[in-house]
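The structure under discussion appears below in the form of structure tokens.
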Amino acid sequence: MESLDCSDVFTSANFCAHAKKITAGVVVRDSKVYQMTKDGFMFLVMGFTGKRAAAVK
């Protein structure tokens, strides 16, 4: 969420990042996973374009 153009207050209230170990074949690595509120999701979606984004908007 580092590249979103919103305030730190909005970001901390609506997005939370976690590290999670994932397995891809024999490789185990850390991956960043985000939890977000409905408001955070809608803020994110409003930046998308195209037909599929229009269906969500």
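The values are calculated or read from the model by the stated rules, or taken from the named source; none is laboratory data. Every value quoted in this text rests on a predicted model; they were computed, and no experiment measured them. Please note: Cβ atoms are built from the backbone with ideal geometry, for glycine as well, and neighbour counts cover all protein chains shown. The area values use the complete protein model at the heavy-atom level, side chains included, leaving out ligands, DNA and RNA. Shrake-Rupley method; radii C 1.70, N 1.55, O 1.52, S 1.80 Å.
State yes or no: is Ser3 within 13 Å of the chain's Cα centre (by Cα), among the small types (Gly, Ala, Ser) and loosely packed, with under 10 Cβ neighbours inside 10 Å?
The answer is yes for Ser3.
Find the residue count for the range 21-35, including only residues that are under 21 Å from Ser3 (Cα atoms), open to solvent by 100 Å² or more (accessible area, probe 1.4 Å) and among the charged types (D, E, K, R).
Residues meeting the conditions: 1.
Between a first residue in the range 27-45 that is within 13 Å of Asn14 (Cβ to Cβ) and a second residue that is open to solvent by 70 Å² or more (accessible area, probe 1.4 Å) and β-branched (Val, Ile, Thr), which pairs have beta carbons less than 7 Å apart while being 6 or more apart in sequence or on different chains?
So the pair list comes out as Val45/Val56.
Kindly indicate whether any position in the range 36-55 is exposed (fewer than 10 other Cβ atoms within 10 Å of the Cβ) and either touching a strand residue (DSSP E or B) at 6+ places or on another chain (Cβ under 8 Å) or hydrophobic (A, V, I, L, M, F, W, C) (or both).
Taking every residue of the range 36-55 in turn, at least one turns out to be exposed (fewer than 10 other Cβ atoms within 10 Å of the Cβ) and either touching a strand residue (DSSP E or B) at 6+ places or on another chain (Cβ under 8 Å) or hydrophobic (A, V, I, L, M, F, W, C) (or both).
Ala17 is checked against (1) open to solvent by less than 90 Å² (accessible area, probe 1.4 Å); (2) not in a strand (DSSP E or B) and fails just one. What number does that condition carry?
Looking at each condition in turn, Ala17 falls short on (2).
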